[in-house]
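Asker: Got a structure for you, written out below as structure tokens; questions coming shortly.
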Amino acid sequence: MFHWLEKHPFFFAVGVFVVIAFAGLIEILPNFAQASRPVIGTTPYSTLELAGRHVYIKNSCNACHSQLIRPFKSETDRYGHYSLSGEYAYDRPFLWGSKRTGPDLMRVGNYRTTDWHENHMKNPSAVVPGSIMPGYPWLFTNKADVDTAYAEQLTVAQFFSVPYNKPVPMKDGSTKTVKMGNSVAEANALALAEAKVIAADMKDQDVKDAVARGEIPEIVALIAYMNSLK
Amino acid sequence: MENRPLEYDYTVAKMFMFTTIVLGIVGMLVGVILAFQLAFPSVNTFLGSGLAEFTNFSRLRPLHTDAVIFGFTLSGIFATWYYVGQRVLKVSMAESGFLMFIGKLHFVLYVIGVAAVVVSLLAGVTTSKEYAEFEWPIDIAIVIVWVLFGMSIFGLIGIRREKALYISVWYYIATFLGVAMLYLFNNMEIPTMLAASPAGESGIGAWYHSVSMYAGTNDALVQWWYGHNAVAFGFTVPIVAMIYYFLPKESGQAIYSYKLSLLSFWGLMFVYLWAGGHHLLFSTVPDWMQTMGSIFSVVLILPSWGSAINMLLTMKGEWQQVAASPLIKFMVLGSTFYMFSTLEGPIQAIKSVNAIAHFTDWIVGHVHDGVLGWVGFMIMAALYHMAPRVFKREIYSKSLMATQFWIQTLGVVLYFTSMWIAGITQGMMWRAHDEFGNLAYSFIDTVTVLHPYYTIRGIGGLLYLIGFLMFAYNIYKTMTAGRKVEESELQNASPMGA
């Protein structure tokens, strides 16, 4: 049979494809319906948080920081409850990372504050002596891209039924509604309202002034995203 | 006409040899910069704080991985295909104007794609998925480049004189099919410019932005099914294709066992695809998949070692060639590193080992003993073997090649030993508890302890880069100043100057 295949390239290629596709069919497909259900308390990202997530991705924070807490005592002691599949239901793309040059950030919103992030992103080794993380001063001047975040919200709401403007069940039995604007202007207004809350806790006068003018520096969006990681 | 030997046409092979060398230098240089950034953070601003956004670790890291995978390695795969394909199928590119056009178009679009990737990654335009960072416009360009590669493969096969496909061709076909399948499925994404707001606005935000069709755990599953098998079909399958051709050619020895090559090929095809789950051990992916990932990773030793042993036994009775020829040295040590790396990988895929190794530098070390010791050595050996045939000149300097071999071998050894120690040290420190059950170390303790190992790794990487520059120089001098040789000198062992 193999000798015959080696003289018939078409059937050879079909044979190879069947053999390599087999694992995907068995392993990948069956999980799809099951794993995408959110756990109670998981909410979609707000416009500003999503813009911050884009800043996180733009700077490849995931190259050094994981967002996956494994079920070991040493990890739950350090980072909090181990990760549950449904907590990632609105993560497109997933940001688990593959290397912990720095600590895990899955629940960083539980133990770091706006103020801490502000100081740390400017000069990490001033906050954590010995840190090898570089500073990210340009985040304080670059403007966050709220429009693209809004476009992504519209896309996931339309194609994947992500529940924006709909009540989402919370752990305490209440519900929470994450708002998404009806227009670009409205989305920007929502993001700015959120940015003002963050900026109020910050010290950098330029950032405060920018937000007062109606602009959103990347750092504000990034901190909004990091604070949402719980 | 009937009696004239076939004249192979290496126009396209030469073009890809050029990008292999240039992109190899770029990718490895960025890698060395990254290594020193981890050891000495001030290197993050090596072009001044004004350009820090584009020179810091996180922005450069995807550029390094993509430049060595899709730049250096892929160019090497294409270069060897446009050389090996003609020879084993007994047909010349010059016989078909159409295939020659496809080959050149393949190269031109590839170079444009590479330029687009470099610009977009430096600008921070990325999907964040490892080795699939490109946004949808570049993905489309890559698919076109890949289709052209496929047309070249099957076009050349279509007009072949040698009816039976040689082993290397099996592996090139598998490379084409495997990458096509993986890349398409992992990059399923929806451009966000397609969305319209309730107010009727459309084309909102960045036109190049897209959102993954998969969410969370599913996205991770598809990504590592891709990520792991990008290694399979980028760093293993096509490199095995190369060694099956170049080692017998250079040594003048027949392949040790045809049956072993059959077993290894079909075994590798079937088993490799299952093993991706070992990147997701202890994650939120279902347990049975993690276990399958572990088990199949261990099973993977069989087909991997099958190929490697087949290569080493091909040298049976001719081991004096390893001492005599630096070119054979590259290939034999390459096979040995392949065995080493494919044993190390399964060990790391065992759950209890993975609990320590995952997220640490040991994984980085594992990748690099494979890519530096196996992929890099094999591609350089292939280009060394091709150079005299392509340029009709002898290799410029044998002693330079031998020096390069030892410098790079030392570099690889420094690299993986330092990363072993770094990884296991950090993994053990993360999980250490004191006598009262509290964590023994804060995270930063586990970072500062790594400084010496990061420095050693940087030196190892630098040695490898220096060796690569020696390789580039040697090939350049071969092209321009090597002694001209006759066809009769090109039968087996490549002619080399002092």
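The values are calculated or read from the model by the stated rules, or taken from the named source; none is laboratory data. Note that the structure is predicted; figures quoted are calculated from it, not measured. Virtual Cβ from ideal backbone geometry, glycine too; neighbours counted across all protein chains shown.
Matching residues to (1) crowded, with 19+ Cβ neighbours inside 10 Å; (2) among the β-branched types (Val, Ile, Thr); (3) closer than 23 Å to A:Ile69 by Cα:
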site: B:Leu383; (1), (2), (3): yes, no, no
site: B:Phe391; (1), (2), (3): yes, no, no
site: B:Glu394; (1), (2), (3): yes, no, no
site: B:Thr409; (1), (2), (3): yes, yes, no
site: B:Leu414; (1), (2), (3): yes, no, no
site: B:Ser418; (1), (2), (3): yes, no, no
site: B:Ile424; (1), (2), (3): no, yes, yes
site: B:Ile444; (1), (2), (3): no, yes, yes
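Asker: Still on this structure: What are the residues in segment A:98-128 that are in contact with a Lys or Arg (Cβ under 7 Å, 6 or more places away or on another chain) and within 23 Å of B:Leu38 (Cα to Cα), if any?
Answerer: Residue satisfying the conditions is A:Glu118 alone.
Asker: What about B:Val271, is it part of a helix (DSSP H, G or I), β-branched (Val, Ile, Thr) and closer than 23 Å to A:Ser66 by Cβ?
Answerer: no
Asker: Where in segment B:1-100 are there helices (runs of 4 or more DSSP H), lying wholly inside it, with at least 3 residues that are touching a residue at least 40 places away in the same chain (Cβ under 8 Å), buried (at least 20 other Cβ atoms within 10 Å of the Cβ) and of a type in the set (Ser, Thr, Tyr)?
Answerer: Output list reads B:74-89.
Asker: Turning to a different aspect of this structure: Where in segment A:14-129 are the helices (runs of 4 or more DSSP H), entirely inside, with at least 2 residues that are of a type in the set (A, V, I, L, M, F, W, C)?
Answerer: Output list reads A:32-35, A:47-58, A:114-122, A:124-127.
Asker: Which pairs do you get when a residue that is surrounded by fewer than 24 Cβ atoms within 10 Å (Cβ to Cβ), found in segment B:161-176, comes within reach of a residue that is part of a loop (DSSP other than H, G, I, E, B), reach meaning Cβ atoms under 6 angstrom, with the pair 6+ apart or on two chains?
Answerer: B:Arg161/B:Lys90; B:Arg161/B:Val91; B:Glu162/B:Lys90
Asker: Among (1) more than 13 Å from every other protein chain (Cβ to nearest Cβ); (2) charged (D, E, K, R); (3) within 20 Å of the chain's Cα centre (by Cα), which single condition is B:Arg61 missing?
Answerer: Of the numbered conditions (1) more than 13 Å from every other protein chain (Cβ to nearest Cβ); (2) charged (D, E, K, R); (3) within 20 Å of the chain's Cα centre (by Cα), the odd one out for B:Arg61 is (1).
Asker: Moving on. All but one of (1) under 30 Å from B:Ile243 (Cα atoms); (2) under 20 Å from the mean Cα position of the chain (by Cα); (3) within 13 Å of chain A (Cβ to nearest Cβ) hold for B:Leu121; which doesn't?
Answerer: All conditions are met except number (1).
Asker: How many residues does segment A:153-177 contain that are more than 8 Å from chain B (Cβ to nearest Cβ) and touching a Phe, Trp or Tyr at 6+ places or on another chain (Cβ under 8 Å)?
Answerer: 3
Asker: To continue, here is another question. Are there any pairs with C-beta distances below 8 angstrom linking a residue in segment A:79-107 that is within 7 Å of another protein chain (Cβ to nearest Cβ) to a residue that is surrounded by fewer than 23 Cβ atoms within 10 Å (Cβ to Cβ) and basic (Lys, Arg), with the two at least 6 apart or on different chains, and if so which?
Answerer: A:Ser83/A:Arg70; A:Ala89/A:Arg37; A:Pro103/A:Arg78
Asker: Looking only at segment A:26-62, which residues are touching a Leu at 6+ places or on another chain (Cβ under 7 Å), over 24 Å from B:Asn186 (Cβ atoms) and crowded, with 23+ Cβ neighbours inside 10 Å?
Answerer: Answer for segment A:26-62, where residues must be touching a Leu at 6+ places or on another chain (Cβ under 7 Å), over 24 Å from B:Asn186 (Cβ atoms) and crowded, with 23+ Cβ neighbours inside 10 Å: A:Thr47, A:Gly52.
Asker: Any chance segment A:153-171 includes a residue that's part of a loop (DSSP other than H, G, I, E, B), within 17 Å of the chain's Cα centre (by Cα) and within 21 Å of A:Gly109 (Cα to Cα)?
Answerer: No: zero hits.
Asker: Just to be sure I understand the filter: pairs with C-beta atoms under 6 Å, separated by 6 or more residues or on different chains, first member in segment A:19-30 and at the interface with chain B (Cβ under 7 Å from one of its Cβ atoms) and within 15 Å of B:Trp288 (Cα to Cα), second member modelled with pLDDT of 85 or more and not in a helix (DSSP H, G or I). Which pairs pass?
Answerer: A:Ala23/B:Leu273; A:Ala23/B:Trp274
Asker: Of all residues in segment A:189-212, how many are surrounded by fewer than 18 Cβ atoms within 10 Å (Cβ to Cβ) and without any contact (Cβ under 8 Å) to a residue 60 or more places away in the chain?
Answerer: 9
Asker: Would you please name the residue that is nearest to A:Val156 (Cα to Cα), looking only at residues in segment A:175-205 that are over 20 Å from the mean Cα position of the chain (by Cα) and hydroxyl-bearing (Ser, Thr, Tyr)?
Answerer: A:Ser183
Asker: Select from segment A:46-76 the residues that are more than 7 Å from chain B (Cβ to nearest Cβ) and in contact with a Ser or Thr (Cβ under 7 Å, 6 or more places away or on another chain) and write down the one among them that is farthest from B:Val353 (Cα to Cα).
Answerer: Top of the filtered list is A:Glu49.
Asker: While we're here: If you take the residues in segment B:252-286 that are surrounded by fewer than 20 Cβ atoms within 10 Å (Cβ to Cβ) and at the interface with another protein chain (Cβ under 8 Å from one of its Cβ atoms), which one is nearest to B:Thr314 (Cα to Cα)?
Answerer: B:Leu262
Asker: Checking the structure you have, find out if any residue of segment B:320-340 is in contact with a Ser or Thr (Cβ under 7 Å, 6 or more places away or on another chain), surrounded by fewer than 24 Cβ atoms within 10 Å (Cβ to Cβ) and of a type in the set (D, E, K, R).
Answerer: Looking for residues that are in contact with a Ser or Thr (Cβ under 7 Å, 6 or more places away or on another chain), surrounded by fewer than 24 Cβ atoms within 10 Å (Cβ to Cβ) and of a type in the set (D, E, K, R), one finds none in segment B:320-340, hence no.
Asker: I'd like to check which helices (runs of 4 or more DSSP H) are fully inside segment B:294-392 and have at least 3 residues that are closer than 19 Å to B:Met269 by Cα.
Answerer: Helices (runs of 4 or more DSSP H) meeting the threshold: B:301-314, B:326-349.
Asker: Now, a different point. Spot the failing condition for A:Lys73; the list is (1) assigned by TED's automatic domain parsing to the domain that holds A:Pro167; (2) under 24 Å from the mean Cα position of the chain (by Cα); (3) within 27 Å of A:Arg100 (Cα to Cα), and only one is missed.
Answerer: Failed condition: (2).
Asker: Residues being hydroxyl-bearing (Ser, Thr, Tyr), more than 13 Å from A:Asp147 (Cβ to Cβ) and out of contact with any strand residue (DSSP E or B) (no Cβ under 6 Å at 6 or more places or on another chain): count how many of those fall in segment A:172-196.
Answerer: 1
Asker: Return the total of residues in segment A:130-152 being more than 7 Å from chain B (Cβ to nearest Cβ) and either more than 19 Å from B:Ala206 (Cβ to Cβ) or outside any helix (DSSP H, G or I) (or both).
Answerer: Summing the residues that are more than 7 Å from chain B (Cβ to nearest Cβ) and either more than 19 Å from B:Ala206 (Cβ to Cβ) or outside any helix (DSSP H, G or I) (or both) in segment A:130-152 gives 9.
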